[in-house]
Amino acid sequence: MTAPFVILALLTIGGAVAAMALRNLVHCALSLVVTLAGLAALFLQLDAEFAGFAQILVYVGAVAILIVFAILLTRGVEPPPPARITTATGWGLAIALAAFLTVAGALASSAVTRRAAASAPELTVRAIGDKLMLDYVLPLEAIGLLLTAALIGAVIIAMQEGEKK
């Protein structure tokens, strides 16, 4: 492991833990942005440029900002209810560890994973772009239309909220 990998991994894990542990919803969303940016940097370090830049553009640039705007636009003036303190943290950690070990064991013993790693074709950004623009044009356009409709809906909801005040 190299030093940049360790730094990026710690940053990503720290952002994820902060997104789960913080009580302020805006701080949780911003921690999610840090986590997604850390993942993008890890993709870039692994020479997966397309996945890294797509992560930055789609998740950091669009989804995370949309989450932050949704939180800020839908916050009420009433104070939030007091948070419950749970004593089941140990059980949650034990179940999460068991689930992780189960998935890791299944992946490690999978013959498909070994064969896929041995015979994986070389993927380039050009090959992915050709596949998207030739074979998957209709789903790509449908997703674009769906995201545009969601953005227009969010703007309409925000405008109606402003008129009521």
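The values are calculated or read from the model by the stated rules, or taken from the named source; none is laboratory data. Note that the structure is a prediction, hence the values are computed from the model and not measured. All Cβ positions, glycine included, derive from the backbone under ideal geometry; neighbour counts span all protein chains shown. Remember, those area values only see protein heavy atoms, side chains included, never the ligands or the DNA or RNA. Shrake-Rupley method; radii C 1.70, N 1.55, O 1.52, S 1.80 Å.
List of remarks:
- Residue 110 accessible area, 1.4 Å probe, all protein chains in place, Å² to nearest 10: 30
- Net charge, residue 128 excluded, C-beta distance under 13 Å - Lys, Arg +1, Asp, Glu -1: -2
- Computed lengthening from residue 86 to residue 22, 0.36 nm per intervening residue step minus Cα-Cα distance: 21.6 nm
- Nearest-0.05 FRET efficiency for residue 70 and residue 102, computed from C-beta distance (R0 30 Å): 0.30
- The C-alpha atoms of the stretch 1-101 occupy a region whose extents along the principal axes are 47, 36, 22 Å, arranged from largest to smallest.
- Compared with the direct C-alpha span, the chain from residue 130 to residue 48 gains 27.8 nm at full extension, assuming 0.36 nm per residue.
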